[in-house]
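Values quoted throughout were computed directly from the atomic coordinates according to the rules given, and no laboratory measurement underlies them. What you see is a predicted model; the values in this text were computed from it and never measured. Cβ placement follows ideal geometry from the backbone for every residue including glycine, while neighbour counts extend to all protein chains displayed.
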Amino acid sequence: MKALCHLTLLLCVTLPFFALPAGAVFLDERLEDPAQEARARDISGDIRCLVCQNQSILDSNADLAQDLRQIVRERITLGDSDAEVRDYLVRRYGDWVLLDPPFKMTTYLLWIGPAVIFLIGALLMILFLRGRSGQNETATTTVLTREEQAELDRLFDSDGPGDRS
């Protein structure tokens, strides 16, 4: 019982540390103007880390993400609007740098590809299952000859092995 109390106390003390946000912005990266810093965080939340690929540069600890966060802050300090900062990064790295890329000819495969792959997989599964059920329906039944049927009846009517009545 005492061990359970210690474990509960340990969980109560350590659990709040796991619930903290996972922001990767370092103190030396922050801008002095809170409004500019808020803009930088907003923009950074929409930019993909090119190393991690499923994280924004705001959440990533990769060196390239830190460089991209620095570029965002430099562009904001130079007076660029949010759209100009995003456009600058897209010109430099392509649409892939955006976590939510626009729907256009160069990115349509990113948007439609998963649905096409799902539909092809569903179609193949349906064809496979139909083929399996078709095999069961086309199985032929074997008809026994009179001699075979008589032997089978005799075996079922006998009391056990070795009974030859």
How large is the Kirkwood hydrodynamic radius of segment 44-134, in angstrom, based on all distinct alpha carbon pairs? 15.5 Å
Provide the FRET efficiency to the nearest 0.05 for the Glu37-Arg91 pair, computing r from the beta carbons and using R0 = 25 Å. 0.55
Given backbone amide H placed at 1.01 Å from N, residues whose amide H is under 5 Å from that of Leu98, ignoring those fewer than 5 places away on the same chain, are Arg48
Using the Karplus curve 6.51 cos²θ - 1.76 cosθ + 1.60 with θ = phi - 60°, work out ³J(HN,Hα) for each residue of segment 147-157 in order, rounded to whole Hz, and write x for Gly and Pro. 5, 5, 5, 5, 5, 5, 4, 5, 5, 6, 7
Would you kindly state how much longer the chain becomes between Thr145 and Asn61 on full extension, computed as 0.36 nm times their sequence separation minus their alpha carbon distance, in nm to one decimal? 22.3 nm
For segment 19-97, what does the relative contact order come out to in percent, with C-alpha contacts under 8 Å and a separation of six or more? 28 percent
Give the share of C-alpha pairs in each 5 angstrom bin for segment 108-157, from 0 to the last occupied bin, in whole percents, shortest bins first. 4, 16, 10, 9, 9, 8, 9, 7, 7, 5, 4, 4, 4, 3, 1
